[in-house]
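Chemist: First the structure, then my questions, so here it is.
The values are calculated or read from the model by the stated rules, or taken from the named source; none is laboratory data. For clarity, every value in this text was computed on a predicted model and none was experimentally measured. When we count neighbours, we look across all protein chains shown, and the Cβ atoms used for this are built from the backbone with ideal geometry, even at glycine. For the accessible areas, the whole protein counts, side chains as well, though only heavy atoms, and no ligand, DNA or RNA atoms are used. Shrake-Rupley method; radii C 1.70, N 1.55, O 1.52, S 1.80 Å.
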Amino acid sequence: MRKAKWGTYAILFAITLIWLFPVLWTVLSSFKTQDDLYRWPPALIPPTFSLEHFVAAFEKGNFGTYFMNSTIVTITSTLLLLLINAMAGFALAKYRFKGDSILLIGFISTLMIPLEVIMIPIFKVISFLGLYNSLLGIIIPPAATPTGVFLIRQYLLSVPDELLEAARMDGAGEWKIFWRIILPIAKPIISVLAIFSFMWRWDDFLWPLIVINNPEKYTIQLALSNFIGEYNVDWGSLLAMSTITMIPVLVVFLLFQRQFVQGIATSGMKG
Amino acid sequence: MSNSQSSWKKEKWKRLLAPYLFILPNLVIFLTFIVIPAIVGFVYSFHKYDGLNEMEFLGFDNYIEVLRNEEFWSALGRTGMYAAVVVPGIYVLALGIAILLIREVKLKGLFRASIYWPTMISYIIVGLTWKWIFGDTFGILNYLLDKMGFEPIPWLTDPFWANLSVVIATLWSRVGFFMVIFIAGLQSIPTDMYEAANLDGASKWRTFWNITLPLLKPTSVLVLMVSIIDAFKAYPLMYALTGGGPGKETTYIVQYIYEIGFTKQELGLASAMSVILFAIIGIFSALQFRLSKGGANE
């Protein structure tokens, strides 16, 4: 490998600076006082650090409710996704049964159907099932991802059948095999999927937009978008909410950085 | 004896049934929320339907109306233009940065993480962040331009600049993701290829054209196709950044379909547009499938 020269460093520092700046600017601005927010010339570092926008977001902006809704949706949806995707992936990897290849092809071919294209009929199906305006409507439908099923199946293909046969000899039932043997083995791919799912659900906008109309049930992303009025934008609250909303994703990113980058490199997905 | 035989039979039954039970929850949700809506949408596209009153069969009328609808075509055209700028932009930037970052660089992790980080942030926050930066009278960007002696730019209020703003925000939020894919692709190129080229005295530029690019073909195909499909589905970022404006100047195809379907309640017409959009995305997906297969055969 070639050693980098100073020119490379100069370019990399410049790019990194450009890439970091927008987020830094948002976060720093959220700590400014209302007066300093629109001061000209703008100050990079807040002249006085103030939490007024954070307080306002929680008190007037009802941010606590939205944060809670997003947390509930993200956690339950991720748990559901992991469980049912792992079950389906296991079945497709380790059993031979009538229709297995049709099911697999079916799952994979729907990778091609983007939500954006079926958003109108999805809305009708959700209303029909009484899931309109309910958090369950955001939690359940996206849980059956073809991506997850496919990733887990590919991973489990490498598990030797002898392992399962041995467990059966010892009298283990099929569910016990799944729960006690398969899940622990699949832990690496399940954690990658968990991280993806966390990000997908926490960041999701279009699905909640279709399902939720009642402001009490807004997720953070819906609430944020709803705060952008045409003329009267409450920038203080928006910046404060954006700053808080980035924290969980940042924490997940820092904790799982390695799996994350690997996961992306091997699967190439963002859904 | 007969007792153990029947329990053996029971066991066999359980094993036969098990895969279906394992797959059932996923399958039910999948059918209900992906397959059925896809079929329903296709049926809608041949009907006049406002979501409340009875459906009325129209045959191909919706499709004919879409073909005659100028706003649909300009939204589609804008989306195509957006893709035509964003996709090469992503390709060049992501590959360029990836090439810099597979060298022996100090602080490599920090560089990679900083550029990757925006891909983790939701499109809504990406849109808001850039709206804050692009602000006409309070935005930091216009302040910096002013300091350097330039006129302020109407980033979000002029059609040309608003589209460029959308492109800038998209590049910022997506390049890191594709950079990681390129890094993975570049790392899979055997180093002895480069050593051989080095011995032959090939220039860096020639090595890039004759070794790196050809061997990177499968990765390139993936990056191009995923970013094209992404571009055709773009919506939330623009919603937060420009709201589709000024006028309809940054209204791309998904937002337009959303407006026809949900705001104007023309579910049939919007469904016909969705079918057309799906066909476009389908063509690119099929193309990717063909090309990546071709790449694997070489």
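Chemist: Collect the residues in segment A:109-163 that are more than 9 Å from chain B (Cβ to nearest Cβ), assigned to a helix (DSSP H, G or I) and under 26 Å from B:His47 (Cβ atoms), keeping them in residue-number order.
Modeler: A:Ser109, A:Phe128, A:Gly137
Chemist: Are there any pairs, at least 6 apart or on different chains, whose C-beta atoms fall under 8 Å, with the first in segment A:1-28 and closer than 27 Å to B:Tyr194 by Cα and surrounded by fewer than 11 Cβ atoms within 10 Å (Cβ to Cβ) and the second modelled with pLDDT of 95 or more and aromatic (Phe, Trp, Tyr), and if so, which?
Modeler: none
Chemist: Let me ask another. Determine, yes or no, whether B:Gly201 is among the small types (Gly, Ala, Ser), at pLDDT below 95, on the phi > 0 side of the Ramachandran plot and open to solvent by less than 40 Å² (accessible area, probe 1.4 Å). Don't jump to the end; show me each part of the working.
Modeler: Values: among the small types (Gly, Ala, Ser): yes; at pLDDT below 95: yes; on the phi > 0 side of the Ramachandran plot: yes; open to solvent by less than 40 Å² (accessible area, probe 1.4 Å): no.
So B:Gly201 fails the test.
Chemist: Can A:Val233 be described as within 17 Å of A:Thr26 (Cβ to Cβ) and assigned to a loop (DSSP other than H, G, I, E, B)? Before the answer, list the steps.
Modeler: Numbers: within 17 Å of A:Thr26 (Cβ to Cβ): yes; assigned to a loop (DSSP other than H, G, I, E, B): yes.
Answer is yes for this residue.
Chemist: Of all the residues that make up segment B:268-298, how many are open to solvent by less than 20 Å² (accessible area, probe 1.4 Å) and either modelled with pLDDT of 95 or more or among the charged types (D, E, K, R) (or both)?
Modeler: Just the residues of segment B:268-298 that are open to solvent by less than 20 Å² (accessible area, probe 1.4 Å), to begin with: B:268-274, B:277, B:281-282, B:285, B:295.
Now restrict to residues that are either modelled with pLDDT of 95 or more or among the charged types (D, E, K, R) (or both): B:268-274, B:277.
Total satisfying the criteria: 8.
Chemist: Does B:Gly261 satisfy being touching a helix residue (DSSP H, G or I) at 6+ places or on another chain (Cβ under 7 Å), of a type outside the set (A, V, I, L, M) and more than 9 Å from chain A (Cβ to nearest Cβ)?
Modeler: Details: touching a helix residue (DSSP H, G or I) at 6+ places or on another chain (Cβ under 7 Å): yes; of a type outside the set (A, V, I, L, M): yes; more than 9 Å from chain A (Cβ to nearest Cβ): no.
Judged against the criteria, B:Gly261 is not a match.
Chemist: Kindly evaluate B:Phe30 against the criterion of being in contact with a Phe, Trp or Tyr (Cβ under 8 Å, 6 or more places away or on another chain), free of Cβ contacts under 8 Å to residues at least 12 places away in the same chain, facing chain A (nearest Cβ under 9 Å) and within 25 Å of B:Ala234 (Cα to Cα). First the steps, then the outcome.
Modeler: Values: in contact with a Phe, Trp or Tyr (Cβ under 8 Å, 6 or more places away or on another chain): yes; free of Cβ contacts under 8 Å to residues at least 12 places away in the same chain: yes; facing chain A (nearest Cβ under 9 Å): yes; within 25 Å of B:Ala234 (Cα to Cα): yes.
Yes, satisfied.
Chemist: OK, next. Exactly one condition in (1) surrounded by fewer than 18 Cβ atoms within 10 Å (Cβ to Cβ); (2) touching a residue at least 60 places away in the same chain (Cβ under 8 Å); (3) within 26 Å of B:Ile125 (Cα to Cα) is false for B:Thr263; which is it?
Modeler: (2)
Chemist: Here is a follow-up. For segment A:1-52, name all the residues that are among the small types (Gly, Ala, Ser) and either within 20 Å of B:Gly127 (Cα to Cα) or facing another protein chain (nearest Cβ under 8 Å) (or both).
Modeler: Going residue by residue through segment A:1-52, those that are among the small types (Gly, Ala, Ser) are A:4, A:7, A:10, A:14, A:29-30, A:43, A:50.
Correct list: A:Ala4, A:Ser29, A:Ser30.
Chemist: Under 8 Å between Cβ atoms, at least 6 apart or on separate chains: pull out the pairs that start in segment A:179-190 with a residue that is assigned to a helix (DSSP H, G or I) and end on any residue that is aromatic (Phe, Trp, Tyr).
Modeler: As it stands, the answer is A:Ile182/A:Phe90; A:Pro188/A:Tyr155; A:Ile189/A:Tyr155, since those pairs meet every condition given.
Chemist: Considering only segment A:53-66, state which residues are open to solvent by 60 Å² or more (accessible area, probe 1.4 Å) and closer than 14 Å to A:Ile244 by Cα.
Modeler: In the first step, residues of segment A:53-66 are kept if they are open to solvent by 60 Å² or more (accessible area, probe 1.4 Å); the result is A:55, A:58-60.
A:Val55, A:Phe58 - these are the residues of segment A:53-66 that are open to solvent by 60 Å² or more (accessible area, probe 1.4 Å) and closer than 14 Å to A:Ile244 by Cα.
Here is a yes/no grid of residues against (1) under 26 Å from A:Ser70 (Cβ atoms); (2) more than 21 Å from the chain's Cα centre (by Cα); (3) open to solvent by 10 Å² or more (accessible area, probe 1.4 Å):
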residue	(1), (2), (3)
A:Ile84	yes, no, no
A:Leu104	no, yes, yes
A:Ile120	yes, yes, no
A:Leu136	yes, no, yes
